[in-house]
Structure formats: C-alpha cells, structure tokens
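What follows is one structure encoded as structure tokens, with my remarks underneath.
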Amino acid sequence: MIALVLFASAWAGFGVRSSREPLPSRENERSIVLPKGWTELEVGVDHSVAAAAWSSRGRSVPLDVPWRTDTVQVGVRYGVAPGWELFGSLPWTRATGYVLQTGFGTGEIGGRFALHRNEAPFGSVGLEVAGRVPVGFDGGSLEVPGRVPLTTGTGDLRMAVDARRGMDGLLFLTRVEAVHRFAGRVGWRDGRVKPGDQGSVDVEVLVQAGPLALGPGARAVGRLAVRAADPGPGGSEGALQRVDGSAGASVDVGGRALLHLTRGVELEGRLRWSVVGEDDTFVRLDEVHPAKARVAGLSARVRW
C-alpha cells in the first residue's frame, strides 16, 4: 500500500503544469508546504553508530558490541493544491550488533497543510498529520543470538506543527510534534505491547549564502513508559501494565548543509550526536530507546 502511494504520487508529478505555483530557488524563501503542482523525490542514506546506551540516571553505559545501523529511505512529496501536499516514505535498514538484521522499516503516509504564509518577510506555519505502519520484521529474541526486531511492530499516528521565518539571509525553524502509538501483538515479546507516546521539539537556524544554506540544530524528545500485557491461562490477556524503566528523554544536537545545484536539484548533508539521555534499555529500538549514537546522513532531492 505504501509503495503504491509513493509511486502514484511521483507519477502525478508528470501531469499538467499550466497551473502550478512558483518554487523559490533558495531555502530561506520557501514555504513548509510544497507548492501546488510540484513533485519531490528524495533518496537518503543514514549511518548510525551507538557504542553506548543511557542509564535510568542519565549515565553513559558502554555496549558490549557497538550497534551500527544503515538506512536507505525513499520519500515522495506532491503539491496537490495551494497550501496542501501529500507525502510518503519507506526505509530499508541494515542493523548489526550481536546479529545482522536487514529489511524494511516503518512506512509513513501523510499530509501537510498551510496554516499561514507570507512573503515579506518570508514565513509559514504548517500542520502535519501522518500515519505509520510497520513493514519490517518485528520478531526474534533479545536474550539469545538470533533475529532481532527492526521496528516496534505497532502503528503510530503523528501530528506536528512546523514554523519557519526567513530574513536577511537567515532561516529560523521550529517544530513541535506528538506521536501516539497503538497497542498490538509483537514478535519480540509475548502478548500485546503499547510503546510509549512521544513528544518532541526541534529548533534550527540556517544561514543562506548564495546556493548554500547551513547551520546548527537541536532536538529534545520525551517518551512515556511502554505498557505490556502478558498472556494468561488459556491464551487470555490482562490489562496493559507499565514496564518499569521504559520511559525516558533525550537531547540530540547537530547540523546540516543544503546545496542548491539548480532550482529542482539539491543535496543535503547532516550530522547528529546524542548528548543527553535518561532511560533503561527496554529493547534495542530507536523508536522506544534513545541510544547514545552519532548519525551521519546524505540526501539527494529532485523536484519537477
């Protein structure tokens, strides 16, 4: 389903262009929502290395074996109407640690809606709503060598408000996001599991110098506790119960650089480090546990 939506969105971009809106050539003049009639195809690669985890007291705890993750993600955006776009993405992951695991991750489909736009100075506010569906393998055991989960194995509903303001060669970006996670049966634990809901805040400043935009950013994340229901006699399950030590928070800092090769082609490089964390290792999954990791990534975007 997700792959079909990605293909349909990209194919829609080859339609009639007579009524499409203009696309500014520089990042600090663009809106949060892709202009009507434009299609964007993105291919990104991220490499993550986690040599330690955070304890419940915020201390760094070395891992016996470093956890390395390589992710290739394909994403599509399409400007359906003025102030409205659809988007989707699908990642493929290769994770190594105690074992090697490869497969698709959590796919996403959603929409962005412009709440406010102005051009002097440049600024916009947008609402984002998306649903996420696990595609990858979510079974295995963390106690013995063998296949390990790639995702939580449960679906998410995500809402976010984005704001950006550009002036005098600067671009200020802010994002507030809330994620609700649904309960479901998973392969890495008997019974049902509901990963903890999550809230996050992102801030970033970019300096625009000709075709290059670069600057620092930070992300703070808070996660509620995981809840689980173990199987009872005869296969019945009780109410979901809090899993001690599964809640926590983390702060990452980093930076990124955008290079506009043309109006419709750009490259993005990014770096991120985990600097603060507070959690117990409930399960080695980025979706429920803030590993002490460093991440490097590169993306290419094409718009037409």
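The values are calculated or read from the model by the stated rules, or taken from the named source; none is laboratory data. Since the model is a prediction, treat every value here as computed from it, not as a measurement. Every residue, glycine as well, gets a Cβ built from its backbone with ideal geometry; the counts of neighbours run over all protein chains shown. Surface areas here come from the heavy atoms of the whole protein model, side chains and all, with no ligands, DNA or RNA. Shrake-Rupley method; radii C 1.70, N 1.55, O 1.52, S 1.80 Å.
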Note to self: I'd like the residue in the stretch 70-112 that is buried (at least 20 other Cβ atoms within 10 Å of the Cβ) and among the small types (G, A, S) and, out of all such residues, is nearest to L157 (Cα to Cα).
What the structure shows: G107
Next item on the list: For the stretch 261-304, enumerate the residues that are among the small types (G, A, S), within 25 Å of V179 (Cα to Cα) and modelled with pLDDT of 85 or more.
Entry: S274, G277, A293, A296, G297, S299
Checklist line | Residue check, A218 open to solvent by less than 40 Å² (accessible area, probe 1.4 Å), in a strand (DSSP E or B), of a type in the set (G, A, S) and in contact with a strand residue (DSSP E or B) (Cβ under 9 Å, 6 or more places away or on another chain) | finding: yes
Notebook entry, point to check: A209 fails exactly one of the following numbered conditions: (1) more than 15 Å from the chain's Cα centre (by Cα); (2) closer than 26 Å to G110 by Cβ. What is the number of that condition?
Noted result: (2)
Next item on the list: Mind listing just one residue for me: the one in the stretch 179-206 that is of a type in the set (A, V, I, L, M) and surrounded by fewer than 15 Cβ atoms within 10 Å (Cβ to Cβ) and, of those, nearest to G153 (Cα to Cα)?
Entry: V201
Check: If you scan the stretch 146-178, which residues turn out to be among the acidic types (D, E) and either touching a residue at least 60 places away in the same chain (Cβ under 8 Å) or surrounded by fewer than 16 Cβ atoms within 10 Å (Cβ to Cβ) (or both)?
Finding: D162, D168
Note to self: Of the conditions (1) farther than 29 Å from A183 by Cα; (2) within 17 Å of the chain's Cα centre (by Cα), S60 satisfies every one except a single condition; which number is it?
What the structure shows: (2)
Item checked: Matching entry among A95, A130 (being modelled with pLDDT of 95 or more, in a strand (DSSP E or B) and within 20 Å of the chain's Cα centre (by Cα)) -> A130
